[in-house]
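The values are calculated or read from the model by the stated rules, or taken from the named source; none is laboratory data. As the structure is a prediction and not an experimental result, all values here were calculated from the model. As a convention, Cβ positions derive from the backbone with ideal geometry for all residues, glycine included, and neighbour counts pool all protein chains shown. With ligands, DNA and RNA removed, areas are computed over all heavy atoms of the protein, side chains included. Shrake-Rupley method; radii C 1.70, N 1.55, O 1.52, S 1.80 Å.
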Amino acid sequence: MTPSLMRSAAQLVRRRSYSAALGHPERKVAILGAAGGIGQPLALLMKLNPLVSSLSLYDIAGTPGVAADVSHINTPALVKGFMGDDQLGEALEGADVVIIPAGVPRKPGMTRDDLFNINAGIVKNLSAAIAKYCPNALVNMISNPVNSTVPIAAEVFKKAGTYDEKRLFGVTTLDVVRAKTFYAGKANVPVTDVNVPVVGGHAGITILPLFSQATPATNALSHEDIKALTKRTQDGGTEVVEAKAGKGSATLSMAYAGAVFADACLKGLNGVPDIVECSYVQSTVTELPFFASKVRLGKNGVEEVLGLGELSDFEKEGLENLKGELKSSIEKGIKFANAN
Ligand code: NAD
Ligand code: LMR
């Protein structure tokens, strides 16, 4: 055995014993788009996650530097960088969770749907590679427009014969993160205690926070306050896009949200009970084939898609109003995936 092989073997044994000592299995997480605005801080946060034993950072450029940088952090996850099509297979092989923040972000004046023309093709190609190299991975889709990119991935997986609706997630955690922050500020309650489900999709009015179910409950908020909180949550992404003035969209809060959701997926895979997060998944909660709602995560991904619970009249109206836009975004994704 060469000295470098011996070092790798020793490293592997050490990581295995560390994972065993913590009582959880080896888990490989791959980030596609890892050198980008979201990808870099997300790589940092996943390197800090004790459930990750192997962290695979893939992008079309820049990953050797990001991987070298993140790899120096003294946590157990072994970090490897992969760059370009030739290395995509190796990046994905054996992955338990694949997080996808690859693609272009919005500039002021754009809708998320304006990103479709570029990002749809990127997501389609990456999904084909996932079907080939890690068909059993849980896929966390961040690339916008999420309302369409998730249906695109589903169609690609169906064509490849690998589709399992339990394993495909649109990441809507940032909407929940925002709703919690804005609610805590307005209701004057400790933000760390707050929970707010957010349902529907991930664009404008398709984002429907259910403040009537927010905890801790408060009667300090008027109907006007709830309307304003709802609008701010729906426009949260645009607020950041405008503040960044042409330099992209949310990256740091998104990396945090992506890390929260990936951690929930890993805990579910590891058999931790009662892991519930909102996510945009295949659904029968409404007549729409994909819909975000609370989801219980388990050893195979989605264990249960939870219903909406009781809605206020304002939320019922919001639900009806979002269906047209969400339906056409889903159909647009399906059509794209099957046409090209
Ligand atoms: P960015 O431009 O900073 O980074 C994107 C990265 O993707 C770049 O490093 C780029 O090289 C890489 N990339 C492009 N094509 C690729 C391919 N074929 N394979 C692998 N990597 C590829 O953008 P960002 O700010 O990180 O945003 C990324 C995406 O996430 C955007 O579509 C944005 O709209 C979306 N987003 C979603 C949410 C959400 O809540 N779901 C929140 C924020 C941003
Ligand atoms: C967000 O909600 O921040 C993201 O979807 C990015 C965007 O374009 O707003």
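Using a probe of 1.4 Å on the protein chains alone, the accessible area found for H24 is around 30 Å². In this structure the chain gives 45 Å² per residue of accessible area when probed at 1.4 Å with all protein chains present.
For a straight C-alpha distance cut-off of 29 angstrom, the lysines reachable from K107 (same-chain residues fewer than eight places away being disregarded) are K124, K180, K186, K227, K231, K244, K247, K323, K327, K332, K335. Only one residue of A137, Q213, S148 has its Cα farthest out toward the positive end of the dipole of segment 132-218, where Lys and Arg carry +1 and Asp and Glu -1 on Cβ, and that residue is A137. Considering the options V198, P64, A262, tell which one lies farthest towards the positive end of the dipole of the chain, charges being +1 on Lys and Arg and -1 on Asp and Glu at the Cβ, about the Cα centre. Among V198, P64, A262, the one farthest towards the positive end of the dipole of the chain is P64.
Between P105, P135, P25, the GNM of the chain built on Cα springs shorter than 10 angstrom shows P25 fluctuating the most. Angle of helix 146-160 to the longest C-alpha principal axis of the chain, folded into 0 to 90 degrees and rounded to 10: 50°. Cα centroid distance between segment 291-335 and segment 206-229, in Å? After rounding, the separation between the Cα centres reads 18 Å. Rounded to the nearest 20 debye, the dipole magnitude of segment 72-162 is 240 debye, with +1 charges on Lys and Arg beta carbons, -1 on Asp and Glu beta carbons, and the Cα centre as origin. Ligands, DNA and RNA aside, T284 has an accessible area near 130 Å² when probed at 1.4 Å. Each Lys and Arg adds +1 at its Cβ and each Asp and Glu adds -1 at its Cβ; summed about the Cα centre, the chain shows a dipole of about 820 debye. Principal-axis analysis of the Cα atoms of the chain puts helix 3-22 at an angle of about 40° to the longest axis. Shape verdict for segment 209-287, please, from the Cα gyration tensor: rounded (a/c under 1.5), prolate (a/b greater than b/c) or oblate. Judged from the Cα gyration tensor, segment 209-287 comes out oblate (a/c at least 1.5, b/c at or above a/b). Which percent, to the nearest 5, of DSSP beta bridges fully inside the chain are antiparallel? So the antiparallel bridges amount to about 45 percent of the total. Taking GluC sites (Glu not before Pro) in DSSP loop states with no more than 12 other Cβ atoms inside 10 Å as exposed sites, the chain has its longest site-free stretch at 1-286.
Against the main long axis of the alpha-carbon atoms of the chain, helix 252-269 sits at an angle near 70°. Share of carbon and sulfur in the accessible area of the chain stands at 54%, probe radius 1.4 Å. Model label sites at N219 and N188, defined 7 Å from Cα along the beta-carbon direction, differ in position by 1.7 nm.
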